[in-house]
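K.L.:
Below is a structure I'd like to ask you about.
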Amino acid sequence: MCGIIGVAGGSVKTVVEGLRRLEYRGYDSAGVAVVDGEGAMWRVRVADGTRSVEELALRLADGPAAPVTSVGHTRWATHGQPSEHNAHPHVDCTGRVAVVHNGIVENHTELAAELAAGGHTFVSDTDTEVVAHLVEAALAGGADLPGALAAALRRVRGSFAVAVVHAGEPDLLVAGRRSAPLLLGTGAGTSLVASDLSALLGEADQLFTLDDDQIAEVRPDGVRVTTLAGDPVVPAALSVDPAWDLEAAQKGGYDDFMSKEMSEQPRAIADTLLDRRGTDGRLVLDELRLTEDDLRAIDKVVVVACGSSYHAGMVAKYALERWARVPTEVDIASEHRYRDPVLDERTLVVGVSQSGETLDTLEALREARRSGARALVVSNVVHSQMAREADGVIYTRAGPEVGVASTKCHLAQVVALELLALSLAQWRGTLPTEVVTALVDELHLLPQKVADALGRAKEVEAVAEAVAGARDFFFLGRHVGYPVALEGALKLKEISYLRAEGYPAGELKHGPIALIEPGTVVVAVVTRGAVREKVLTNVAEVASRGATVVVVAEDGDTTAAARAHHVLWTPPVADPLLSPPVTVVPLQLFAYSLARRLGNDVDRPRNLAKTVTVE
Ligand code: F6R
């Protein structure tokens, strides 16, 4: 995820050091804008992947020694590919206003059109640039810099944090936010703003939080905070555990990146859903590149992926077939490559890959293109190898995932694939518009439901404690509960090193039920709908053979609870097809609790790499 650091009355070195501390978040380019005491503004931007901050430091080594006002940024691309011209800060037409921005400006297309019609010239592909031009327009209308930022933020929809400097204001930096973090710090003769505590640790004597729709005026001698309407507010002081070192701050107070990233899942889903509805209410996948006609012409979808991404692809099969009525296969990428698949120009091959670099998935997409099929990738990394080579792309906007075991990216993939399925349904006319709208409305409820499921971590921990000591786990599910079961088993294997099998519940009696004995733990995902009763029957079968049964069940499902020894309750989701991002959460927490109890390093499980670029 992008990072912001800004300083008023500080050294350029403080900004560079701040950027270094933000690197852990993952980024593809970096930049700073500096306003010196003479009122001159200059900008340095580098798009050299994870070397960008180092290169920036070299280029700034001869910068002014005197205090400056400056904003810096590490960018994780969402709109526009990683490149120098898309790197932040972005400037207005005069080159005197410089803006850094985290998050997404949802209505940037309409704002850019309006501003362009008013004579503003855009030079980047980012959503950020509209903020610089909105500030410019408000300044031209007579506002001061804080007022201009407030005016800009009143026009902007989405979730964001921004910091702005102006060449004519060498002692002032202004910042604002909505639903994205921004912290303020004050010290002797220097004040700071940052998106992440790690950039402020040791740099400020006092820390404050900025709330939604507040504007901070950051000056060398302190900060002043107002509402967007200009009314002063007293910012809330932030006290930091004195024991926190840089690593603790980077984990945001969580014990590890995995728990931090699980907590970010509601935001990952919300961001993936942002900006997907056009003004007429129809779905738009901006970055897609493929046209509606291209997609109307397809008669088969083949999803290829590995690991957790494959499980997301399995959920997509149900959605694509149900909603878009298009026959869909899901294949493990390493298998797909060598099975001589039947693909032609009417096939859409969808690669699902958090990294966009996994070799097997990449090769499967290449094979698809050689066969004349259309290749689409769902990736979390803008301009990844797959995104560059495929005919089309949908980006998940989960932000970088540091923990090796995928959590937030998996949930974002499921949501992105469901958006694809609904878009296809809309374009192919297989669902009435009002049904698509209702389902998209329901998708928008998922962040809240996922947050609710995450809030039950203590109860999950208690269940994990009750079964701790078991060595054999089965995860069962049917329909979309099946990929959820597979994902639950994979999480447990990866981080706890316990034997865990994911199985379609109905298939158990065709062999694996022989393995069930007292002491085996069976976790069953009881999804609402046609298969619910059947899963409950399967649960009874294993219970009668002595298994310890844990069910994942919706609140109020007392029948399911009566069949189990333990229940992992989840908030209800009206359409079962939309339930996987919610039902998988207790399974992530379950695996996490068991792994922690065993003392394992959940962020860096043994033998695993985050990105697998070998066969
Ligand atoms: C599981 C996990 C892996 C990845 C798989 C594919 O927690 O992280 O199974 O899902 O290696 O990686 P991507 O999505 O980068 O292609």
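The values are calculated or read from the model by the stated rules, or taken from the named source; none is laboratory data. It should be emphasised that the depicted structure is a prediction, and the values quoted were computed from it without experimental measurement. Using ideal geometry, Cβ is built from the backbone for each residue, glycine included, and neighbour counts are taken over all protein chains shown.
K.L.:
Which one is farthest from Ala609 (Cα to Cα), of the residues in region 359-401 that are touching a Cys at 6+ places or on another chain (Cβ under 7 Å) and modelled with pLDDT of 90 or more?
P.N.:
Thr396
K.L.:
Regarding region 86-108, can at least one residue be identified that is surrounded by fewer than 19 Cβ atoms within 10 Å (Cβ to Cβ) and without any contact (Cβ under 8 Å) to a residue 40 or more places away in the chain?
P.N.:
Taking every residue of region 86-108 in turn, none turns out to be surrounded by fewer than 19 Cβ atoms within 10 Å (Cβ to Cβ) and without any contact (Cβ under 8 Å) to a residue 40 or more places away in the chain.
K.L.:
Where in region 471-533 are there strands (runs of 3 or more DSSP E), lying fully within it, with 1 or more residues that are out of contact with any strand residue (DSSP E or B) (no Cβ under 9 Å at 6 or more places or on another chain), farther than 22 Å from Thr559 by Cα and within 16 Å of the ligand (Cβ to nearest atom)?
P.N.:
So the answer is none; nothing clears 1.
K.L.:
Output the residues belonging to region 280-307 that are in contact with a strand residue (DSSP E or B) (Cβ under 6 Å, 6 or more places away or on another chain) and aliphatic (A, V, I, L, M).
P.N.:
Answer for region 280-307, where residues must be in contact with a strand residue (DSSP E or B) (Cβ under 6 Å, 6 or more places away or on another chain) and aliphatic (A, V, I, L, M): Leu285, Leu288, Leu290, Ile298, Val301, Val302, Val303, Val304, Ala305.
K.L.:
If you take just the helices (runs of 4 or more DSSP H) that sit entirely in region 196-308, which of them hold at least 1 residues that are within 16 Å of the ligand (Cβ to nearest atom) and among the β-branched types (Val, Ile, Thr)?
P.N.:
Where helices (runs of 4 or more DSSP H) fall fully within region 196-308 and carry at least 1 residues being within 16 Å of the ligand (Cβ to nearest atom) and among the β-branched types (Val, Ile, Thr), they are 265-273.
K.L.:
If you don't mind, there's one more thing I want to ask. Exactly one condition in (1) in contact (Cβ under 8 Å) with a residue 40 or more places away in the chain; (2) of a type outside the set (Asp, Glu); (3) assigned to a helix (DSSP H, G or I) is not met by Ala137; state its number.
P.N.:
(1)
K.L.:
Would you please name the residue that is surrounded by the fewest Cβ atoms within 10 Å (Cβ to Cβ), looking only at residues in region 308-340 that are out of contact with any strand residue (DSSP E or B) (no Cβ under 7 Å at 6 or more places or on another chain) and closer than 19 Å to Lys491 by Cα?
P.N.:
Taking the candidates together, the pick is Ile332.
K.L.:
Could you check, for region 344-355, whether at least one of its residues is surrounded by fewer than 23 Cβ atoms within 10 Å (Cβ to Cβ), out of contact with any helix residue (DSSP H, G or I) (no Cβ under 7 Å at 6 or more places or on another chain) and free of Cβ contacts under 8 Å to residues at least 12 places away in the same chain?
P.N.:
No: zero hits.
Table: residues versus (1) acidic (Asp, Glu); (2) in contact with a strand residue (DSSP E or B) (Cβ under 8 Å, 6 or more places away or on another chain); (3) part of a loop (DSSP other than H, G, I, E, B); (4) within 12 Å of the ligand (Cβ to nearest atom).
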{"site": "Val582", "(1), (2), (3), (4)": "no, yes, no, no"}
{"site": "Val585", "(1), (2), (3), (4)": "no, yes, no, no"}
{"site": "Ala591", "(1), (2), (3), (4)": "no, no, no, yes"}
{"site": "Gly599", "(1), (2), (3), (4)": "no, no, yes, no"}
{"site": "Asp603", "(1), (2), (3), (4)": "yes, no, yes, yes"}
{"site": "Thr613", "(1), (2), (3), (4)": "no, no, yes, yes"}
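K.L.:
Suppose the filter is more than 21 Å from Thr226 (Cα to Cα) and either at pLDDT 95 or above or not β-branched (Val, Ile, Thr) (or both); does Arg157 pass it?
P.N.:
no
Residues checked against (1) closer than 30 Å to Arg369 by Cα; (2) of a type in the set (D, E, K, R); (3) assigned by TED's automatic domain parsing to the domain that holds Thr583:
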site: Thr272; (1), (2), (3): yes, no, no
site: Asp280; (1), (2), (3): no, yes, no
site: Glu287; (1), (2), (3): yes, yes, no
site: Ser308; (1), (2), (3): yes, no, no
site: Val315; (1), (2), (3): yes, no, no
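K.L.:
Which residues, taken from region 201-214, are buried (at least 18 other Cβ atoms within 10 Å of the Cβ) and in contact with a Lys or Arg (Cβ under 9 Å, 6 or more places away or on another chain)?
P.N.:
Of everything in region 201-214, those that are buried (at least 18 other Cβ atoms within 10 Å of the Cβ) and in contact with a Lys or Arg (Cβ under 9 Å, 6 or more places away or on another chain) turn out to be Leu201, Leu210, Gln214.
K.L.:
Mind counting the residues in region 452-469 that are surrounded by fewer than 18 Cβ atoms within 10 Å (Cβ to Cβ) and small (Gly, Ala, Ser)?
P.N.:
Looking only at that region, the number is 5.
K.L.:
Hey, another quick one. Looking at Arg43 and the list (1) surrounded by fewer than 24 Cβ atoms within 10 Å (Cβ to Cβ); (2) modelled with pLDDT under 90, which single condition is not satisfied?
P.N.:
All conditions pass for Arg43, except number (2).
K.L.:
Which ones in region 391-411 are within 13 Å of the ligand (Cβ to nearest atom) and of a type in the set (A, V, I, L, M, F, W, C)?
P.N.:
Hits for region 391-411 are Ala398, Val402, Val404, Ala405, Cys409, Leu411.
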